[in-house]
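Please read the structure below before turning to the comments.
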Amino acid sequence: MLYFVKIEELRAHLATEKRAGKTIGLVPTMGALHAGHLALMKSARECDVVVSSIFVNPLQFNDMADLASYPKNLERDRELMKDDCDILFAPNAEEFYAEKPEMSMRFDLDSRLEGAFRPGHFSGVGIVVSKLLNIVQPDKAYFGLKDLQQYILVKKMVRDLSIPTEIVGCPIVREESGLAMSSRNGRLSKSGWDVASNIYRGLTQAKELLASHSLREVKKEIQAFYADIEGLEIEYFEFVDTSFEVISNNSTNSPMAICVAAYVDGVRLIDNLYLRSEN
Ligand code: AMP
C-alpha cells in the first residue's frame with residue numbers, strides 16, 4: 001500500500017494511473033478503522049485502484065470535545081487496511097486546509113435530524129468531500145448507509161455540482177449484537193456496549209410493528225422501549241420519507257427509513273433502518 005500525505009504528490013501519482021487507463025475508487029474515512037470501513041474498501045475493489053483517505057475533518061465537528069476525543073491510531077489503521085487498499089492518503093490538517101476555508105455550504109438537509117442537531121456539520125462534510133473528490137477525481141466513491149443522511153447529501157451535491165463521480169452506497173456492517181459498527185464504539189464501557197445494542201433492537205421492533213400498527217402507535221411503543229433502558233438517552237427517533245422530511249403521525253407519505261441518534265456513556269451514536277429494498 002502506498003502512503004501519501006501531500007496533496008500534490010498524490011495528484012501526480014494518480015495522474016500516471018489515469019494515463020494508464022486505470023479506474024479509481026475512493027473511500028473517505030476518519031480512521032479508527034473497523035470492518036464497516038474495510039467493507040467499503042472491498043466494494044471499491046471493482047475499480048483498478050482503491051484510494052482511502054484518513055482525515056479527521058475539524059470542520060464537521062460542532063462539538064470540540066467530540067473532536068478532541070475522536071480516536072486516532074494511524075499505525076493500527078495502516079496494518080488493518082493494507083490488503084484492501086492500494087493507496088492511503090492521510091494528510092494533516094495544515095496540509096489539507098493550508099488556510100481556514102473562506103466558504104461554507106448550505107443544504108436543504110441542514111434543518112433535519114443530523115443537520116438540525118449538529119449545526120455546521122453538513123457544511124464541513126460538503127467541503128471535505130468536495131475537496132477529496134477534486135483531489136482524487138475518482139470514477140466512484142463509496143459511502144456507508146450507516147450515515148444515511150450524509151450519503152443522500154453527497155449524492156445530491158455531486159448531482160447539483162456535476163461532479164463526474166458515481167456515489168455508491170454500501171450496507172451497514174453490524175456487531176453480532178446488532179450494534180452498528182462505529183469508531184466511537186471503542187469509547188463505550190462494557191455495560192455501555194450492551195446498552196447501545198438496544199438501539200438496533202428498537203429499530204427492528206419498529207419495523208416489525210409497522211406491518212400491523214399505525215405510525216403513532218409504533219413511535220409510542222418504541223419510545224417507551226427506549227425510555228426503559230437505563231443509560232440510553234435518545235436524541236431523536238424519527239421516521240423519514242424519501243426527501244428526509246420527518247413523517248408526522250397523519251402524513252400520507254410512507255416511511256423510507258427509521259433514524260435514531262442516542263447518547264450512551266456520553267458517546268453520541270447514530271443508526272438507521274432502511275425500509276425500502278432499493279438504495
Ligand atoms: P467515518 O470514518 O465514521 O467518517 O466513516 C467513513 C465511512 O465509513 C462513511 O461513509 C461511513 O458511512 C462508513 N461507515 C462507518 N461505519 C459503518 C458501518 N458500520 N457500516 C458501513 N459503513 C460504515
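The values are calculated or read from the model by the stated rules, or taken from the named source; none is laboratory data. This is a predicted model, so every value here is computed, not measured. Positions of Cβ are backbone-derived with ideal geometry, glycine not excepted, and every protein chain shown enters the neighbour counts. Keep in mind that these areas ignore ligands, DNA and RNA; they rest on the heavy atoms of the full protein, side chains included. Shrake-Rupley method; radii C 1.70, N 1.55, O 1.52, S 1.80 Å.
Scan segment 4-17 residue by residue and report those that are loosely packed, with under 14 Cβ neighbours inside 10 Å and touching a residue at least 40 places away in the same chain (Cβ under 8 Å).
VAL5, LYS6 - these are the residues of segment 4-17 that are loosely packed, with under 14 Cβ neighbours inside 10 Å and touching a residue at least 40 places away in the same chain (Cβ under 8 Å).
Among the residues of segment 233-261, count how many are more than 19 Å from ASP110 (Cα to Cα) and either surrounded by 21 or more Cβ atoms within 10 Å (Cβ to Cβ) or under 18 Å from the mean Cα position of the chain (by Cα) (or both).
Within segment 233-261, residues that are more than 19 Å from ASP110 (Cα to Cα) and either surrounded by 21 or more Cβ atoms within 10 Å (Cβ to Cβ) or under 18 Å from the mean Cα position of the chain (by Cα) (or both) number 1.
What residue, of PHE96, PHE4, PHE107, PHE117, is within 16 Å of the ligand (Cβ to nearest atom), modelled with pLDDT of 95 or more and aromatic (Phe, Trp, Tyr)? Working first, answer last.
Values: PHE4 fails: within 16 Å of the ligand (Cβ to nearest atom); PHE107 fails: within 16 Å of the ligand (Cβ to nearest atom); PHE117 fails: within 16 Å of the ligand (Cβ to nearest atom).
After ruling out the rest, the residue left standing is PHE96.
What are the residues in segment 131-179 that are touching a residue at least 24 places away in the same chain (Cβ under 8 Å), assigned to a helix (DSSP H, G or I) and open to solvent by less than 20 Å² (accessible area, probe 1.4 Å), if any?
If the condition is that a residue be touching a residue at least 24 places away in the same chain (Cβ under 8 Å), assigned to a helix (DSSP H, G or I) and open to solvent by less than 20 Å² (accessible area, probe 1.4 Å), then LEU132, LEU133, ILE135, VAL136, LEU148, GLN149, LEU153, VAL154, MET157, VAL158 are the ones that fit.
How many residues are within 13 Å of the ligand (Cβ to nearest atom), part of a helix (DSSP H, G or I) and among the aliphatic types (A, V, I, L, M) if we restrict to segment 180-218?
2
Of the residues that sit in segment 20-72 and are among the polar types (S, T, N, Q) and in a loop (DSSP other than H, G, I, E, B), which one is farthest from the ligand (Cβ to nearest atom)?
Looking only at segment 20-72, we keep the residues that are among the polar types (S, T, N, Q), and these are 23, 29, 43, 52-53, 57, 60, 62, 69.
Next, only the ones that are in a loop (DSSP other than H, G, I, E, B) stay: 23, 57, 62, 69.
On the way: THR23: 20, ASN57: 8, ASN62: 15, SER69: 14 Å.
Restricting to residues being among the polar types (S, T, N, Q) and in a loop (DSSP other than H, G, I, E, B), the top hit is THR23.
Which residues, counting only those in segment 44-66, are out of contact with any Leu (no Cβ under 9 Å at 6 or more places or on another chain), at pLDDT 95 or above and of a type in the set (A, V, I, L, M, F, W, C)?
Once the filter is applied, which keeps residues that are out of contact with any Leu (no Cβ under 9 Å at 6 or more places or on another chain), at pLDDT 95 or above and of a type in the set (A, V, I, L, M, F, W, C), segment 44-66 yields only LEU59.
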